[in-house]
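Trainee: Structure incoming, see below.
The values are calculated or read from the model by the stated rules, or taken from the named source; none is laboratory data. This structure is a prediction, so every number in the text was calculated from the model and none was measured. Neighbour counts are summed over all protein chains in view; Cβ atoms, including those assigned to glycine, are modelled from backbone coordinates with ideal geometry. Heavy atoms of the whole protein, side chains included, go into the accessibility calculation; ligands, DNA and RNA do not. Shrake-Rupley method; radii C 1.70, N 1.55, O 1.52, S 1.80 Å.
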Amino acid sequence: DQHTHIFNAQVWMPENPYQWKNPGFVRPAEPPLIYEAHIGMAGEEERVHTFSEFRENILPRIKANGYNTLQLMAIPEHPYYGSFGYHVSSFFAVSSRFGTPDELKHLIDEAHGIGIAVIMDLVHSHAVKNEVEGLGNFDGTRFQFFHEGGKGEHPAWDSYCFNYGKNEVIHFLLSNIKFWLEEYRFDGFRFDGITSMLYFDHGLGKAFTRYDDYFGPNVDHEAITFLRLANKLIKQVNPNALSIAEDMSGMPGLAAPVESGGLGFDYRMAMGVPDFWIKIIKEKADDEWEVGDIFYQLTSKRLDEKVVSYAESHDQALVGDKTIIFRLIDKEMYFSMRKDQPNLIVDRGIALHKMIRLATATTAGGAYLNFMGNEFGHPEWIDFPREGNGWSYHHCRRIWSISENPELKFHWLYDFDKEMIQFISEHKLLTIPPVDLVLENKPDKVLAYHRGLFLFVFNFNPTQSFPDYGIPLGPGKYKIVLNTDSSRFGGYDRVDEDISYYTLPNGKLTSQHFLKLYLPARTAMVLKKIDFPKVR
C-alpha cells in the first residue's frame, strides 16, 4: 500500500463537557505532605490500572493516611510504558492507557472534594526521539523544537533536548503549563530533570562542590530564562499552585522568588537525603552510624529555600536499585514476614525503617514525600513490562493486601506511617522552620532535637538500651505522643506512654534540668512539652 498510514490519534470531543463539582477548590496553605503515585501500577492485578480504579480504591487510602497532596506520574502520553512517563511524545494528551480525559478530571475533582491537591510530573527537560508519535521530525527537521547536532541529544537518556532559545519553543512549553492548570485543574507541577536543563553538560558526573559549578560558562541561561517565565506564569494562572524542582545540583536561588533574583520554584527536592540513607545502610555497620552526621544531612539546606525531604521516592524502588526495606531485610522479606516467624534481621529492618522515616519527615525543610507502597515496605521492586522480562506485569503493581493482613508484619509499618503523617499534619509541624539540636552523643548513638513544642529522641544504638538517660533541657513537663517501640507498630512496649515525664534539676533548682528517659535500643519517640499548671 503506497498510502501507508503512519500516524495514529484518538480525538476526544464529548458532546457534554465534564462538569466540575468542586470548581472553587483552593490548595490548602499547609505544607505539602506528598503521596507520589503511578496510576497504571496502583492496583494488585498484573495489568495497567485506570484513573477510575485509582479514584475508587487508592484515593480514599491517601486521605485516610493523612497526605494532603497527590503527585501523579506519567500523565502526558508516552509511547513506552517502561519509561515511567519520562519519554513524552504528546505534551497536551492524557495517556490513553489509563482511561479518558474526563476520567482524569473526575479523579482530580474527587481529590479536591476531600481536600487533596493534585500535582503532576511535568517533563519539559527533554522529549522522546520517536518520529511517528512525537515531535522528533515534526516538520521534517529536528531543529523545529530541538537543538541540532550533539547539543540536541541527551547522552544519558536517549532523548532530544529542547531549544529554549526559540520563542516558538518557549510558547509551546508555556502553553502546555497553562493547559494542564486550566483544562485539568492540576494544582501545580514537579518539574522533572531540572539539572539537565540548567547545565550544558546536563550535570552528568558532576559533584557541584563550589560556586563556579553553579554560575560558570556551563550554565544554560536560555533554560534559566524559560524556568523563570514558567514559574511566573504558574502563579499568574493560579497564585496557590505548587512548583517543585527536581534538581540534584542544589543551584542557589532555585527555590527563591523571581522578584529576589531566584528561579521561582516553591520547593526543590532534597535529593541528597535518600542518597545519604542508601550510603550508610550499604557502607556502614550499625555501630558506625554517626548521629551528628545524620542530623546534619537531614537539616542541611539554605535558610531562604524550602525543600521536599524524602527517604525514598520512585527512583529507589526501580529494578536495578533497592528500596530501604529491601536493603535492610533483603531475602528475609520472602521468608520471615509472618508474625509467627521470629527473625532478628526483620526486627532490625522494621525498627530502622520507622526511625529513618520519622527522622526524615520531622526534620523536613518544608515538605515531605513518600512513594506509593513504600510506607508499608512494599516487598518487591518495580519492573515495567519489557522484552527482558517477557513483557511481564508481575513487578509492576502494588500488593495492598499484605499491608492489611493482620498475620503479616507489613501493617506495622503502614500503621506507623499513618500515625506519623497525621501527627505532622495535625500539629502543623513543618510550618515551624527551626529544627534545634538538643543532644548528639556519638558513642551512645543518641540524638535529640526540638521542633516547636516537640522533642524527638532517637537511640540508634543496635544493642544498648539506656535507663534514665538524661536529655538536657529547660524546665518542663512532657508526654509521649508517638513511639516506634509501641506494639501497635511491631515494637516491644518497653516505654511507659501513659505517664508524664518531668525534667529534674541536676543540682540546685536553677541548675541544668534533665529529662530522664528509658531509651530502648533502635527506637525513637516524640514527646510534647506541656506547660506546668499555674500555682495559685
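Trainee: Filter the range 314-325 for residues that are assigned to a loop (DSSP other than H, G, I, E, B) and buried (at least 22 other Cβ atoms within 10 Å of the Cβ) and give the result.
Mentor: Residue satisfying the conditions is THR323 alone.
Trainee: I'd like the full set of residues that are assigned to a loop (DSSP other than H, G, I, E, B), buried (at least 19 other Cβ atoms within 10 Å of the Cβ) and touching a helix residue (DSSP H, G or I) at 6+ places or on another chain (Cβ under 9 Å), limited to the range 386-420.
Mentor: Those that are assigned to a loop (DSSP other than H, G, I, E, B), buried (at least 19 other Cβ atoms within 10 Å of the Cβ) and touching a helix residue (DSSP H, G or I) at 6+ places or on another chain (Cβ under 9 Å): CYS396, ARG398, TRP400, LYS409.
Residue-by-condition table, conditions (1) more than 27 Å from GLY490 (Cα to Cα); (2) hydrophobic (A, V, I, L, M, F, W, C):
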{"residue": "ASN370", "(1), (2)": "no, no"}
{"residue": "ILE402", "(1), (2)": "no, yes"}
{"residue": "PRO406", "(1), (2)": "no, no"}
{"residue": "PRO433", "(1), (2)": "yes, no"}
{"residue": "ASP444", "(1), (2)": "no, no"}
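Trainee: Would you mention how many residues in the range 323-380 are farther than 14 Å from TRP412 by Cβ and of a type in the set (Gly, Ala, Ser)?
Mentor: The number of residues fulfilling the criteria is 7.
Trainee: Another one. From the list VAL495, VAL481, which one is aliphatic (A, V, I, L, M), in contact (Cβ under 8 Å) with a residue 12 or more places away in the chain and assigned to a loop (DSSP other than H, G, I, E, B)?
Mentor: Only one candidate qualifies: VAL495.
Trainee: Pull up the range 95-141, narrow it to residues that are in a helix (DSSP H, G or I) and of a type in the set (A, V, I, L, M, F, W, C), then point me to the one that is nearest to ASN16 (Cα to Cα).
Mentor: Once the filter is applied, the top-ranked residue is LEU104.
Trainee: Kindly list the number of the only condition in (1) in contact with a strand residue (DSSP E or B) (Cβ under 8 Å, 6 or more places away or on another chain); (2) within 26 Å of ASN68 (Cβ to Cβ) that fails for ARG488.
Mentor: The failed condition is (1).
Trainee: Sort out for me the strands (runs of 3 or more DSSP E) sitting completely within the range 421-473 that have 3 or more residues that are more than 18 Å from GLY292 (Cα to Cα) and not β-branched (Val, Ile, Thr).
Mentor: Strands (runs of 3 or more DSSP E) meeting the threshold: 466-473.
Trainee: Would you please name the residue that is farthest from PRO239 (Cα to Cα), looking only at residues in the range 154-204 that are of a type in the set (Ser, Thr, Tyr) and assigned to a helix (DSSP H, G or I)?
Mentor: Per the criteria, the residue is SER196.
Trainee: Taking ARG268 as meeting all but one of (1) in contact with a strand residue (DSSP E or B) (Cβ under 6 Å, 6 or more places away or on another chain); (2) surrounded by fewer than 16 Cβ atoms within 10 Å (Cβ to Cβ); (3) among the charged types (D, E, K, R), write down the number of the exception.
Mentor: Against the list (1) in contact with a strand residue (DSSP E or B) (Cβ under 6 Å, 6 or more places away or on another chain); (2) surrounded by fewer than 16 Cβ atoms within 10 Å (Cβ to Cβ); (3) among the charged types (D, E, K, R), ARG268 comes up short only on (2).
Trainee: Something else: With respect to ASN22, determine if the residue is touching a residue at least 40 places away in the same chain (Cβ under 8 Å) and open to solvent by 50 Å² or more (accessible area, probe 1.4 Å).
Mentor: So ASN22 fits the description; yes.
Trainee: So in the range 76-94, with the set limited to residues that are within 24 Å of the chain's Cα centre (by Cα), hydrophobic (A, V, I, L, M, F, W, C) and outside any loop (DSSP other than H, G, I, E, B), which one is surrounded by the most Cβ atoms within 10 Å (Cβ to Cβ)?
Mentor: Selected residue: VAL94.
Trainee: Consider the range 133-188. How many of its residues are over 30 Å from ILE108 (Cβ atoms), open to solvent by 70 Å² or more (accessible area, probe 1.4 Å) and over 30 Å from the mean Cα position of the chain (by Cα)?
Mentor: 5
Trainee: Identify the single condition in (1) free of Cβ contacts under 8 Å to residues at least 24 places away in the same chain; (2) under 21 Å from ALA317 (Cα atoms) that ILE382 does not satisfy, given that it satisfies every other one.
Mentor: With respect to (1) free of Cβ contacts under 8 Å to residues at least 24 places away in the same chain; (2) under 21 Å from ALA317 (Cα atoms), ILE382 is out only on (1).
Trainee: Is one or more of the residues making up the range 101-110 open to solvent by 10 Å² or more (accessible area, probe 1.4 Å) and over 23 Å from ILE177 (Cα atoms)?
Mentor: No - not one qualifying residue is present in the range 101-110.
Trainee: Moving on to the next point. Which ones in the range 205-246 are over 26 Å from ASN167 (Cβ atoms), assigned to a helix (DSSP H, G or I) and modelled with pLDDT of 95 or more?
Mentor: None - no residue of the range 205-246 is over 26 Å from ASN167 (Cβ atoms), assigned to a helix (DSSP H, G or I) and modelled with pLDDT of 95 or more, so the list stays empty.
Trainee: Which of the residues spanning the range 283-313 are open to solvent by less than 60 Å² (accessible area, probe 1.4 Å), farther than 30 Å from TYR393 by Cβ and hydrophobic (A, V, I, L, M, F, W, C)?
Mentor: Within the range 283-313, ALA285, TRP289, VAL291, ILE294, PHE295, LEU298, VAL307 qualify.
A quick yes/no check of all residues on (1) at pLDDT below 95; (2) assigned to a helix (DSSP H, G or I):
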site	(1), (2)
ARG327	yes, yes
MET333	yes, yes
VAL346	no, yes
ILE350	no, yes
ALA359	no, yes
TYR368	no, no
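Trainee: Inspect the range 292-300 for any residue being under 20 Å from ASN441 (Cα atoms) and either touching a Pro at 6+ places or on another chain (Cβ under 7 Å) or among the aliphatic types (A, V, I, L, M) (or both) and give the result as yes or no.
Mentor: yes
Trainee: Let me ask something additional. Applying the selection to the range 228-244, what residues are surrounded by 21 or more Cβ atoms within 10 Å (Cβ to Cβ) and either closer than 21 Å to GLY366 by Cα or without any contact (Cβ under 8 Å) to a residue 24 or more places away in the chain (or both)?
Mentor: Correct list: ASN231, ILE234, ALA241, LEU242, SER243, ILE244.
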